[in-house]
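Please treat every number below as a calculation from the coordinates, not as lab data. Worth saying up front: this structure is predicted, and the values here are computed from it rather than measured. So basically every Cβ, Gly included, is an ideal-geometry build from the backbone, and we count neighbours across all protein chains shown.
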Amino acid sequence: MLAEPKLKIILDLVQSSTKEELIWMNGYISGLINNGKNQEQIVPASPSSAVKKITIAYGTETGNSKKVATEFAVKAKKKGIVAKLVSLDQYKLNDLSKEEYFFTVISTQGEGEPPVGAKKFYEHIHNNGFKVSQMKYGVLALGDTSYPLYCKAGEDVDIQLDKLGGQRIVPLQKCDVDFEQDADAWFDHVLKSLNESAVVAPAVKIQPAVETKKAAGKKYYNGTIITNVNLNDRGSNKQTYHVEVTADEPIEYEPGDALALIPFNKIAVVKE
């Protein structure tokens, strides 16, 4: 058993490390044990050491919801949270019942309507008899108080997710046209709630290193390019692209894996 000063050092290190750094440390310590002592060590895990994964989905007409959602994702990642940012028109509706932490940023258009890109999601949660009992959620609604149905789309989403069995971990936040301050306060409230809901992970057992298992071989995923943006200025001789790909199933990518993109081109295009 470690003395209190050493234990505090380890816990502080674990809490401040990324997933990749923890993986490296695990391998390093395992190697030391394998080459020296063969005894096992039990290291108590910190309550906040479990990495949370959240989904931030936005529905936007003018771009404000996307801006707010992106800022939220950046803040979450700085706190060590794995944040998936996705537009509601690209969101796979079948994944909704699998979500553990789901946060929606959505604006209201016209007479209380959701943005065009969010209508399929809006209709899906209202017209399908499914449950999201495992989901913890929150909604940030953007609107304009000069309209009678202020933030109506966000209100509807918040109410409907509750009806479907979701657990609201932060109250609905309505934002007027000057939304920055209220949005920032909502971010902080969500991050605090996520921290308070941390579950104590079981003790981590460090065992002597074992023979590395053989590679699983090639794994193919069918994907579609959804974003392809040239990051260089106009007139630049360089072409550096930001490419986003969505796949039919979650891509399992571990340290040491190699990724290859295999395009499928139309035969007529190739012949040209």
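Counting only residues at least eight positions apart within a chain, or on another chain, the aspartates and glutamates with an alpha carbon under 20 Å from that of residue 192 are 12, 71, 99, 100, 158, 180, 182, 184. When only the Cβ of Lys, Arg, Asp and Glu is charged (+1, +1, -1, -1), the dipole of segment 53-196 relative to its Cα centre reaches about 780 debye. Of the cross-linked pairs 120/266; 131/174; 67/98, those separated by over 28 Å at the C-alpha level are 120/266.
Got a sec? Which residues in segment 216-257 would a label at residue 70 touch, if it sits 7 Å along Cα→Cβ and we count backbone N under 15 Å? So the set is 227-232, 242-244.
Which GluC sites (Glu not before Pro) in segment 79-157 pass both tests, a DSSP loop state and at most 14 other beta-carbon atoms within 10 Å?
Details: sites: 99, 100, 111, 123, 155; in loops: 99, 100, 111.
Loop-located and lightly packed - 100, 111.
So what's the net charge close to residue 58: Lys and Arg +1, Asp and Glu -1, counting the other residues with Cβ under 12 Å from its Cβ?
On the way: positive: 66, 67, 84; negative: 61, 71, 89.
Here the count lands on 0.
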